[in-house]
1. To the nearest 10 square angstrom, how much accessible area does residue 434 have with a 1.4 angstrom probe?
2. Can you give me the angle between helix 63-90 and the longest principal axis of the chain, using Cα atoms only, in degrees from 0 to 90, rounded to the nearest 10?
3. Grab the eigenvalues of the alpha-carbon gyration tensor for region 238-337, scale each by 5, take roots, and send me the semi-axes largest first in whole angstrom.
4. Taking the Cα centre of region 82-184 as origin and charging only Cβ (+1 Lys, Arg; -1 Asp, Glu), how large is the dipole, in debye to the nearest 20?
5. What does the extension gain come out to for residue 362 and residue 138, with contour length at 0.36 nm per residue minus their alpha carbon separation?
6. Length gain on complete extension for the stretch residue 439 to residue 208, per 0.36 nm per residue less the alpha carbon to alpha carbon distance?
7. Taking a threshold of 28 Å on the Cα-Cα distance, which of the pairs 363/566; 141/343; 93/141; 417/582; 141/225; 87/141 fall above it?
8. So if we plug the beta-carbon distance of residue 176 and residue 432 into 1/(1 + (r/R0)^6) with R0 = 60 Å, what FRET efficiency do we get, rounded to 0.05?
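The values are calculated or read from the model by the stated rules, or taken from the named source; none is laboratory data. In this text the structure is predicted, and so the values were computed from the model without any measurement. All Cβ positions, glycine included, derive from the backbone under ideal geometry; neighbour counts span all protein chains shown. We work out accessible area using only protein heavy atoms, side chains counted, and drop any ligands, DNA or RNA first. Shrake-Rupley method; radii C 1.70, N 1.55, O 1.52, S 1.80 Å.
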Amino acid sequence: MGIFVFLSSFIIYLSTLAPGIVAAGDNAELITSAWTLGIAHPPGYPLFSFLGRLLCFLPLSSVAARVNLSSALFGSLTVYLLYLSIKRLTGDKSASALGAFSLAFSFLFWKYSILAEVFTLNTLFASALLYLLLLWKDSGKQVFINLASLLFGLGLANHQTLLFLLPAAFAFILFTNRQVFSVKNILIPLALFLFGLLFYLYLPLRASANPPLNWMDPQTLAGFKSALFRNIYGGISFNFRQLFIFKGSVFYDYLMNFLRAFHYGGIVFIAAGAYYLIKKREGLVLASLLLTGPIFMLLLSYDNNPVFFSVCSRFYLLSFLFGAVLLGCGASLLFTGPLKKLKRALPLLLAIPLLLNSGEIKKLSDNFLEDFCVDTLRCCAKNSALIVTGDSTIMGLDYLSFVEKRRPDMPVFSMEKLSHKWYVDTLRKRTLPVSLPFERIQVNQTLQEFFSANPGRTFYCQGVQREKTGPAYSLYNRLLVSEARRTPPDSSVFGEIEILRDSSAVLDYTTPSIRPADFREELIIYAARTQLDTGYFFYSNGRLKEAVPFYRTSLKMAPAFSDSYKHLGKLYFDLKDPAASKECFLKYLALDTSNDPDKKILQAFVNSR
């Protein structure tokens, strides 16, 4: 049965595997890091980069598909070890399979099993630790503690949230046999744990070669500490405010995703499983669930933003693993009691999560990010430069630049990273064909100095606000990007915009099928902003009617982009169309969540009509 669980999950993951880079999580960056043996965002993820590079040698269609395959493998192995752990706790093969499949085909776990990310490797280490500790408890053999210690060190070299299992594992070992912590017995496990952590030495060693991805440049002690301890993300502290704004909190989002993963029927099995393990005085699983779930969620900061919730959702998987263990244990209890007849319907029960989530999963395996980034590059002239904002954009463009070697004539810069000295230093070491006249771009500094230092090179921007270009430069639309020009273009320039030769989707990016929390919406907003900027150029030069189609195109691309409604409302007001102006302002006020000081004025205008 265990082999069946592994093979069936692996085959289904393969059949739904993302063929390329995906606008979800850090997928494109991690693929690039694996291929180039680079250093991803803190803490660098050295183990994943190393393992991903090994899979790059497979003869598959693309580098992205090869590294995506790693998550499918790690996910299937997680499910297999989960099955073995539940079977060891219950001795029931059917209940163990049900628990394993409840995790395997839950939406979030399935999602991160078909695209390159660190989270199924994280759950693999967690499931291995659980199984080894259960083997140790039953056999008393020190070898299982030794292996668990090594895997714990290696697991932390992949993802540091594994630390949340430490209190539960420590208490489990202490109450089972405290002799493990004697000086005689602890030395070997401690040495193996530290040996696993040695993977972090990859960071300074590889940074010295200045790979294309080199976050924090950790060859220095300061850079190494910043990468290892994730300084740029700040510290953690309990955030009980979430409980008072419950419905809009990460804690609430976690509970809703937990319910989505296991559904109401599964919650009944989980409750029965908690009772089953408490009765057996087996607290490891329940404690691990609480530590990696509710307690971890209370340590996260609050940001009422769908994209923020999407980022946080990746961290739910560790607790879902232990929820699935409880579900399997509860099934074992109920299958031998009041729900004995339900065991006959086991094949149907196993298929429920597969049927419920397969449609949503298929939407993830598209080429949206890669198409978007390819079209972005094709909007830029030869020997130019591109500055972008947002994680998904720079990750996708880095993949095209460093893995597929597209557009070697055109360097691509991250607006956010340009504010960090380590990033500018690593750019200088790559001897790019541009001048960088700053150590870093300060918060209140514009790009004007950067543009002026490279007079022979055309700069394009995507997602960069007009204010950041400086007073001497204007932006005008080049489809998915905006060109920065010292001399403001007149309307004739827009008539010269070259339509791309291929019949790509570059002029038809729309959002109706995009999930609100999906990173793809962020990319659409960048494209919509270029249209808005173009319309604003006409508007600010008194050519009001010529601004209308650009504002409308912006809204066609991103119907929820509130800024476009605000600008269009002002435009209609100046065109003496108060009814259309009111309609736009109403939509702006309904959509916008910022603290825009103009809202009071606009609300007063709307109320007066």
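1. Number for this one is 20 Å².
2. 30 degrees
3. Three semi-axes, in Å: 27, 14, 10.
4. 280 debye
5. Fully extending the segment from residue 362 to residue 138 adds 76.4 nm.
6. 81.2 nm
7. Where the Cα-Cα span goes over 28 Å, the pairs concerned are 363/566; 141/343; 417/582; 141/225.
8. That pair, residue 176 with residue 432, gives E of 0.55.
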